[in-house]
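The values are calculated or read from the model by the stated rules, or taken from the named source; none is laboratory data. Owing to the predicted nature of the structure, the values given are computational and were not obtained by experimental measurement. All Cβ positions, glycine included, derive from the backbone under ideal geometry; neighbour counts span all protein chains shown. Just so you know, the surface numbers come from the protein's heavy atoms only, side chains and all, with ligands and any DNA or RNA stripped out. Shrake-Rupley method; radii C 1.70, N 1.55, O 1.52, S 1.80 Å.
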Amino acid sequence: MFTGITHSQIFVLDQDEALDFYVGKLGLEIHTDADLGFMRWLTVTLPGHPDRQIMLEVPGGPNMSEETARQVRELVTKGATGGSLIFSTDDCRRTYETLRSRGVEFVEEPTERPYGIDCGLRDPFGNSIRFTQPKA
């Protein structure tokens, strides 16, 4: 059966802006940036963890019609596509301060939870991102 998850996908409206955010601000690394002709295959990973990639995909062909792509872009703009990522960190508060200093805007500050400390932000396209410092 399955042995792992290699790729996750979220919709973005501009892949260069997505790179600026995910690589420039969050500190992820580009894994693959390939022009396939019909689309740009763009993935990022956590530094040192190339086994799990996040695909930053612009809604469109070949997977959907232009009409559907337009509808998805509208939903992305509203933050309503349900795209989300959850990262772990060793120090939630320090990570929060580092990202704030890079201009990242948060929707929730670090908060104590039964499972640890976490906080929330949105990427420039409305996708939900959380990071958690699990309880020891």
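For the range 72-111, filtered to residues that are β-branched (Val, Ile, Thr) and open to solvent by less than 80 Å² (accessible area, probe 1.4 Å), the residue that is modelled with the lowest pLDDT is 81.
Restricting 33, 20, 51 to residues that are closer than 19 Å to residue 129 by Cα, open to solvent by 50 Å² or more (accessible area, probe 1.4 Å) and either part of a helix (DSSP H, G or I) or in contact with a strand residue (DSSP E or B) (Cβ under 9 Å, 6 or more places away or on another chain) (or both) narrows the list to 20.
Scanning the range 54-85 for residues that are β-branched (Val, Ile, Thr) and part of a strand (DSSP E or B) returns a single hit, 54. Consider the range 36-48 and keep the residues that are surrounded by fewer than 19 Cβ atoms within 10 Å (Cβ to Cβ) and in contact (Cβ under 8 Å) with a residue 24 or more places away in the chain. The one that is nearest to residue 86 (Cα to Cα) is 46.
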